[in-house]
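Remarks on the structure that follows.
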Amino acid sequence: MDIKLQSGEALSVSDSVFGRDFNEGLVHEVVTAHLAGSRSGTKAQKNRAERSGGGKKPWRQKGTGRARAGTIRSPLWRKGGITFAAQPRSFDKKVNRKAYRAAMRAILSELVRQDRLVVVEDLSIEAPKTRLMAARLGELGVDKGLVVTEAADEKIYLASRNLPHIGNTTAKSVDPVSLVGAEKVVMSVGALKLIEEWLS
């Protein structure tokens, strides 16, 4: 199949990557797995064993008239441990490599169908200036979206980081959440070819 470049020329791409049907269930699975994996999972509380002190029985078992107590760090006591204390954990979900790639193909194919993929021959700018980047994106008719470059480009990174609705990534770092959430995806031909080679 052919993808129309911003210059008006046609670029031939693989049907197996950019011409797939949209698999909503698979895309949902991959997106939720990516979001889950980005959670820090560092929440932590102390249970009664982790609280300092409490090694001695506060008073004898019988004869005082008070309820029996074995430690001052009981969850019933002030400054005691938490009953079901939260512990650091991983939220990672396993996604097979084939399933991940199939989901990426489905997302890219849907971007092409919805005319949300803008492919340009060259994304370079003369200097790392926000106004230059804004003008370049304005020429492409993009005010919200994701810019995907072939490799890390410091000028584009510095110029786009102050634009509130523009993200920036490379072909090797692109992820399903960024693609799904972007209103438009601006991609250089070099980046497109790298992604196509990876997913073929």
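The values are calculated or read from the model by the stated rules, or taken from the named source; none is laboratory data. It should be emphasised that the depicted structure is a prediction, and the values quoted were computed from it without experimental measurement. Cβ atoms come from the backbone with ideal geometry, glycine included; neighbour counts cover every protein chain shown.
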task = Please give the number of the condition Val112 fails out of (1) touching a Phe, Trp or Tyr at 6+ places or on another chain (Cβ under 6 Å); (2) under 22 Å from Ser38 (Cβ atoms); (3) assigned to a helix (DSSP H, G or I).
result = (2)
task = Look at the range 118-154 and say how many of its residues are farther than 13 Å from Thr169 by Cα, not small (Gly, Ala, Ser) and not in a loop (DSSP other than H, G, I, E, B).
result = 11
inquiry  = With farther than 30 Å from Val177 by Cα and loosely packed, with under 11 Cβ neighbours inside 10 Å as the only criterion, which of Lys57, Lys62, Lys46 stands out?
reply    = Lys62
ask   = Which one of the conditions (1) surrounded by 13 or more Cβ atoms within 10 Å (Cβ to Cβ); (2) assigned to a loop (DSSP other than H, G, I, E, B) does Ala103 fail to meet, given that it meets all the rest?
value = (2)
request  = Determine whether Arg73 is under 28 Å from Tyr100 (Cα atoms) and either surrounded by 12 or more Cβ atoms within 10 Å (Cβ to Cβ) or hydroxyl-bearing (Ser, Thr, Tyr) (or both).
outcome  = no
inquiry  = Is it the case, given these coordinates, that Thr32 is closer than 30 Å to Arg89 by Cα, of a type in the set (S, T, N, Q) and surrounded by 12 or more Cβ atoms within 10 Å (Cβ to Cβ)?
reply    = yes
ask   = Tally time: how many residues in the range 162-174 are part of a loop (DSSP other than H, G, I, E, B), under 16 Å from Leu117 (Cβ atoms), under 14 Å from the mean Cα position of the chain (by Cα) and not β-branched (Val, Ile, Thr)?
value = 0
task = Just name the residue that is surrounded by the fewest Cβ atoms within 10 Å (Cβ to Cβ) out of those in the range 165-193 that are among the β-branched types (Val, Ile, Thr), in contact with a helix residue (DSSP H, G or I) (Cβ under 8 Å, 6 or more places away or on another chain) and closer than 27 Å to Glu9 by Cβ.
result = Thr170
ask   = among the basic types (Lys, Arg), within 30 Å of Ser178 (Cα to Cα) and either exposed (fewer than 10 other Cβ atoms within 10 Å of the Cβ) or not assigned by TED's automatic domain parsing to the domain that holds Leu26 (or both): does that describe Arg51?
value = no
task = Have a look at Ala86, Ala67 and point out the one that is in a loop (DSSP other than H, G, I, E, B), small (Gly, Ala, Ser) and loosely packed, with under 11 Cβ neighbours inside 10 Å.
result = Ala67
Extreme residue, surrounded by the most Cβ atoms within 10 Å (Cβ to Cβ), among residues of the range 138-164 that are in contact with a helix residue (DSSP H, G or I) (Cβ under 8 Å, 6 or more places away or on another chain), under 17 Å from Gly181 (Cβ atoms) and among the hydrophobic types (A, V, I, L, M, F, W, C) = Val147
Hits in the range 175-188 (condition: part of a loop (DSSP other than H, G, I, E, B) and of a type outside the set (Lys, Arg)) = Asp175, Ala182, Glu183
query = When you go through (1) of a type in the set (Lys, Arg); (2) modelled with pLDDT under 95; (3) more than 30 Å from Leu108 (Cβ to Cβ) one by one for Lys62, which number turns out not to apply?
reply = (2)
